[in-house]
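J.: I'd like to ask some things about the structure below.
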């Protein structure tokens, strides 16, 4: 049975004349399908490079998208939030199967098979990075500060000067 290629994906954009247009997502762009594949794999593995490979793009493309799209950045964080307990669980399972702790009575062979190719040192580094990033981000919560336009600055300065002039007129009388 031949595998059919995915149908083309489209997005809505505003043209130079201001009208909305439906345009085809280029193969090199990150559309909804690539985003979903990336986020699903990221939630399962915490591995950005492997997730990008599965989605059919490079990791740098997803990092750029994360910087410019707050919604995607929130979805990324949510995916990592889902991945963290999985990594914790795999570390516990790894310790149990390697004799570091007493094995649980309910642990089956399927769980032990989940550890094929599992690298506990890498898992610990990933968890450490996630927790550090989350702590760093906690200090910078909230929206990015908006930069005022030149006209807004001019208007604010003129308003402040007018207040000063009014106060000086009142005091001088």
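The values are calculated or read from the model by the stated rules, or taken from the named source; none is laboratory data. Remember, it's a predicted structure, so these values are computed and weren't measured experimentally. Methodologically, a virtual Cβ is constructed for each residue, glycine included, from the backbone with ideal geometry; neighbour enumeration extends over all protein chains shown.
J.: What pairs can you find where one residue is in segment 144-172 and under 30 Å from residue 73 (Cα atoms), the other is at pLDDT below 90, and their Cβ atoms are less than 9 Å apart, with a gap of 6+ or different chains?
T.: Note: pairs meeting the criteria are 144/70.
J.: Which condition does residue 111 not pass, out of (1) closer than 29 Å to residue 77 by Cα; (2) surrounded by 10 or more Cβ atoms within 10 Å (Cβ to Cβ); (3) modelled with pLDDT of 70 or more, if it passes all the others?
T.: It is condition (3) that residue 111 fails.
J.: Let me ask something else about it. Can you tell me how many residues in segment 49-70 are assigned to a helix (DSSP H, G or I) and either in contact with a strand residue (DSSP E or B) (Cβ under 8 Å, 6 or more places away or on another chain) or crowded, with 18+ Cβ neighbours inside 10 Å (or both)?
T.: Summing the residues that are assigned to a helix (DSSP H, G or I) and either in contact with a strand residue (DSSP E or B) (Cβ under 8 Å, 6 or more places away or on another chain) or crowded, with 18+ Cβ neighbours inside 10 Å (or both) in segment 49-70 gives 5.
J.: Could you identify the single residue in 29, 9 that is at pLDDT below 70 and under 19 Å from the mean Cα position of the chain (by Cα)?
T.: 29
J.: Report the residue count in segment 71-91 for those that are modelled with pLDDT under 85 and exposed (fewer than 13 other Cβ atoms within 10 Å of the Cβ).
T.: So the answer is 4.
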